[in-house]
Amino acid sequence: MDTTVTEISTDIYRLSTYAPDFGIQFNQFLVKDDEPFLMHTGFKRMFAATRDAVATVLDPARLRWIGFSHFESDECGALNEWLAAAPQAQAVCSFIGVTVSVNDFALRPPRALADDEVLPTGRRRLRFLATPHVPHSWDAGLFFEETGRTLLCSDLFFQPGEPPPLTHADLVGPARDVMRAGQAGPLAKDMPYTPYTDATFQRLAALQPQTLATMHGSSFSGDGAAALRDLAQVAREILGAP
């Protein structure tokens with residue numbers, strides 16, 4: 001299993017593994033700082049490949065924080081492997097995620113982050129935003145790296161295949177196609193459209209991110225706010241406002 005490493009913004013590295021069985025990329029993001037932060041652990045079976053990729057940037061044992069959006073195998077399946085490899089590492093996610101799932105799952109106690117809480121890592125600041133059901137699941141949340149204006153956006157802007165690490169091209173068109181096709185498959189309704197879905201997208205757009213770090217597919221450099229507003233419109237059209 002090969003994992004490629006690309007610096008998509010200053011000291012933010014995309015660790016990407018293409019899984020032919022799924023036909024998609026699984027991407028983790030490493031923020032290199034005094035207290036290194038990893039977004040997504042990947043599956044348990046991907047741990048060795050992800051660890052080796054991290055090692056090309058810094059000593060994996062230095063990892064301090066492990067974040068993820070929601071409790072799902074590709075988000076945090078290898079959490080305990082990382083906690084064993086990095087003695088000072090601690091999981092950080094939403095209060096709901098900690099209370100409902102991670103307290104029981106993790107080898108060490110996780111840290112629950114409140115909505116809008118800032119996690120300093122040294123030169124950088126990661127703001128946590130609670131985003132229930134965006135991209136999906138009650139416990140969902142996203143991290144915004146304020147210094148370089150990078151939104152670590154989990155499953156939003158999902159793109160299949162093996163696209164390039166970073167693009168300036170449109171992400172919304174491919175995401176629209178995936179969202180529409182998904183409604184006819186077994187994973188339909190993965191993101192229910194709730195009374196606060198649009199407000200969540202607008203809140204993310206107001207951050208004015210310059211980089212969108214996507215978990216599946218290319219990351220994006222450009223007007224992230226416009227992309228998020230366009231994706232909000234796609235969600236309204238396809239998922240349907242209540």
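The values are calculated or read from the model by the stated rules, or taken from the named source; none is laboratory data. Source: prediction; values computed, not measured. Glycine also receives a Cβ, built like all others from the backbone with ideal geometry; neighbour counts cover every protein chain displayed. Accessible surface areas use protein heavy atoms only, side chains included; no ligands, DNA or RNA. Shrake-Rupley method; radii C 1.70, N 1.55, O 1.52, S 1.80 Å.
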Residues SER73, SER101, SER94: which one is touching a Phe, Trp or Tyr at 6+ places or on another chain (Cβ under 7 Å) and farther than 24 Å from SER16 by Cα? SER101
Output the residue which, of all residues in the range 207-227 that are free of Cβ contacts under 8 Å to residues at least 60 places away in the same chain and within 22 Å of GLY67 (Cα to Cα), is surrounded by the most Cβ atoms within 10 Å (Cβ to Cβ). SER218
Search result, residues across the range 176-196 that are open to solvent by 100 Å² or more (accessible area, probe 1.4 Å) and in contact with a Pro (Cβ under 9 Å, 6 or more places away or on another chain): PRO195, TYR196
From LEU113, LEU142, grab the single residue that is under 25 Å from VAL31 (Cα atoms), surrounded by 21 or more Cβ atoms within 10 Å (Cβ to Cβ), out of contact with any Gly (no Cβ under 8 Å at 6 or more places or on another chain) and touching a residue at least 12 places away in the same chain (Cβ under 8 Å). LEU142
Hey, any hits in the range 57-72 for a residue that's open to solvent by 10 Å² or more (accessible area, probe 1.4 Å), more than 15 Å from VAL92 (Cβ to Cβ), under 16 Å from the mean Cα position of the chain (by Cα) and touching a residue at least 40 places away in the same chain (Cβ under 8 Å)? yes
Looking at ALA89, ALA84, ALA53, can you tell me which residue is open to solvent by 10 Å² or more (accessible area, probe 1.4 Å), aliphatic (A, V, I, L, M) and over 16 Å from the mean Cα position of the chain (by Cα)? ALA84
Across (1) surrounded by fewer than 15 Cβ atoms within 10 Å (Cβ to Cβ); (2) assigned to a loop (DSSP other than H, G, I, E, B); (3) not polar (S, T, N, Q), PHE157 clears everything bar (1)
Would you confirm, using the coordinates I've provided, whether ALA199 is at pLDDT below 95 and either open to solvent by 10 Å² or more (accessible area, probe 1.4 Å) or of a type in the set (Asp, Glu) (or both)? no
